[in-house]
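Heads up: the structure comes next, in structure tokens.
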Amino acid sequence: MDYRYTKSQVARGTRADAERNDTFYLIKNVSSLRLTYQIRLLAFRAKDQCRKLVIRIPAIFKVHPKLKEFQREHARIVRIEKV
């Protein structure tokens with residue numbers, strides 16, 4: 001794997017807000033969400049570890065088109081839940 005580094009040469013990474021045996025949970029309290037590096041990295045981790053990624057968001061939420069497209073491409077791994 002080719003690691004990416006920040007300006008200060010620190011490897012970038014992310015952790016889920018919560019984890020279960022087979023699921024990573026990312027909890028966001030926003031009105032709009034774009035496809036971020038955090039989401040892509042957690043989706044990669046979920047696929048690599050044979051898990052799912054659930055993104056929990058408020059009921060009033062606007063999905064960015066790129067995030068919607070990414071979710072369609074990775075429907076088996078990424079799910080968006082409105083709470």
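The values are calculated or read from the model by the stated rules, or taken from the named source; none is laboratory data. It should be emphasised that the depicted structure is a prediction, and the values quoted were computed from it without experimental measurement. Note that each Cβ is placed from the backbone with ideal geometry, even for glycine, and that neighbours are counted across all protein chains shown.
In region 46-64, what count of residues is obtained for those that are under 17 Å from residue 28 (Cβ atoms) and in a helix (DSSP H, G or I)?
1
Counting only residues that are modelled with pLDDT under 90 and aliphatic (A, V, I, L, M), which one in region 1-29 is nearest to residue 76 (Cα to Cα)?
The residue in question is 1.
Consider residue 23 carefully, then state whether it is among the hydroxyl-bearing types (Ser, Thr, Tyr), touching a helix residue (DSSP H, G or I) at 6+ places or on another chain (Cβ under 7 Å) and surrounded by 11 or more Cβ atoms within 10 Å (Cβ to Cβ).
So residue 23 fails the test.
Across region 50-64, what is the number of residues that are more than 15 Å from residue 17 (Cα to Cα) and either touching a Cys at 6+ places or on another chain (Cβ under 6 Å) or of a type in the set (A, V, I, L, M) (or both)?
Here the count works out to 3.
What are the residues in region 41-60 that are closer than 21 Å to residue 82 by Cβ and surrounded by fewer than 15 Cβ atoms within 10 Å (Cβ to Cβ), if any?
The answer is 58, 59, 60.
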